[in-house]
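The values are calculated or read from the model by the stated rules, or taken from the named source; none is laboratory data. Keep in mind that this is a model prediction, so the values were computed, not measured. Counting neighbours? That spans all protein chains shown, and the Cβs are built from the backbone with ideal geometry, glycine included. Just so you know, the surface numbers come from the protein's heavy atoms only, side chains and all, with ligands and any DNA or RNA stripped out. Shrake-Rupley method; radii C 1.70, N 1.55, O 1.52, S 1.80 Å.
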Amino acid sequence: MIRSILVPVSGSEKDLVVFETALKAAQLHHAHLAFYHLRVSAGEALVYEPHTGFALGNALRNVLGGLAETHDRRALLAEHHVRDFCARSSIRVTDTPLAVEAVTASWRGGDSGNEYRLIAKARCHDLVVMGRFTEPNGLPADLLQLMLVECGRPILIAADKIPQSLTGTVMVCWKDAPEPARAASVALPILAKADRVVVVTVDEGDKAAADSATAMARQLAWHRVPATAEVIGRNGRSVQQALLSAAQKCGADLLVMGGYSKRPLRETIFGGCTDSMLTQAPLPVLIVH
């Protein structure tokens, strides 16, 4: 059961979509939303700021001053976004569990550090809900990938639009491999709430793949999950294109998939399908490494 959800807050216009996605997940099990803004110092942010590698003297001081002002403004906006969202959504803000079943929230925004502080924070929660960063924010551009590999928790990636639901139709991206198996297991608290689950595998000329998808759908039935299996052809498309087409066809509200990568992250490349889903999928994606 998902009872504690970490929601990193950026202080940007992306926050609302992330908050609404997190709330949809929290409502399934009356979970607690732990809103968290990591305050990145100007020195830490400089590492990931483009075009600043050659700044010296006054130019460097100006860059650092500008970064400090930007991050101060983001911190204020982050808290405002959280307080406003909780008030509008009638979510009680508390640091301790309530005796009644209800979605609650907490806010913490004073911590300073780099991405590894955020990773450490994530390890203490059941689920992380994040958005995709589209502009420099003092954290690495590959933060999603880094979180996926290092935090040990499932990550729900918000899309660009507020979802109407996460549990109308859920599509499980299946392959006979450890990563999808872990993803399906971790996603059970969400799958059990779904109206419909479709286990989809891509036909790559191996009949065993289809048999495995059917077996997975049958296994989910033991958890009272209404699942069916479907084999789709590539038809000249990449795997990710075939999966996204299938998701659109079945009206999926959520994708569930395993993440493929090797360590150390920054010396290798994520599998093409995983990386594409992390950065481009038009619907929410629950991904497990």
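Per-structure values
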quantity	calculated
Filter result (modelled with pLDDT of 95 or more, of a type in the set (Val, Ile, Thr) and open to solvent by less than 20 Å² (accessible area, probe 1.4 Å)) within the range 1-17	ILE5, VAL7
Top-ranked residue of the range 216-249 - restricted to ones that are in a loop (DSSP other than H, G, I, E, B) and of a type in the set (Lys, Arg), ranked as most open to solvent (accessible area, probe 1.4 Å)	ARG224
Test: residue in the range 22-43 that is assigned to a helix (DSSP H, G or I) and more than 20 Å from ARG92 (Cα to Cα)	yes
Near pairs, Cβ below 6 angstrom, 6+ apart or cross-chain, from the range 106-122 (β-branched (Val, Ile, Thr)) to any residue that is open to solvent by 50 Å² or more (accessible area, probe 1.4 Å)	ILE119/GLU150
Any hit, the range 148-163, residues being closer than 22 Å to ALA210 by Cα and open to solvent by less than 20 Å² (accessible area, probe 1.4 Å)	no
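Residues checked against (1) open to solvent by 40 Å² or more (accessible area, probe 1.4 Å); (2) modelled with pLDDT of 90 or more:
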residue	(1), (2)
PHE54	yes, no
ALA59	yes, no
LEU67	no, no
ALA75	no, no
HIS80	yes, yes
SER90	yes, yes
ALA99	yes, no
ALA105	no, yes
SER112	yes, no
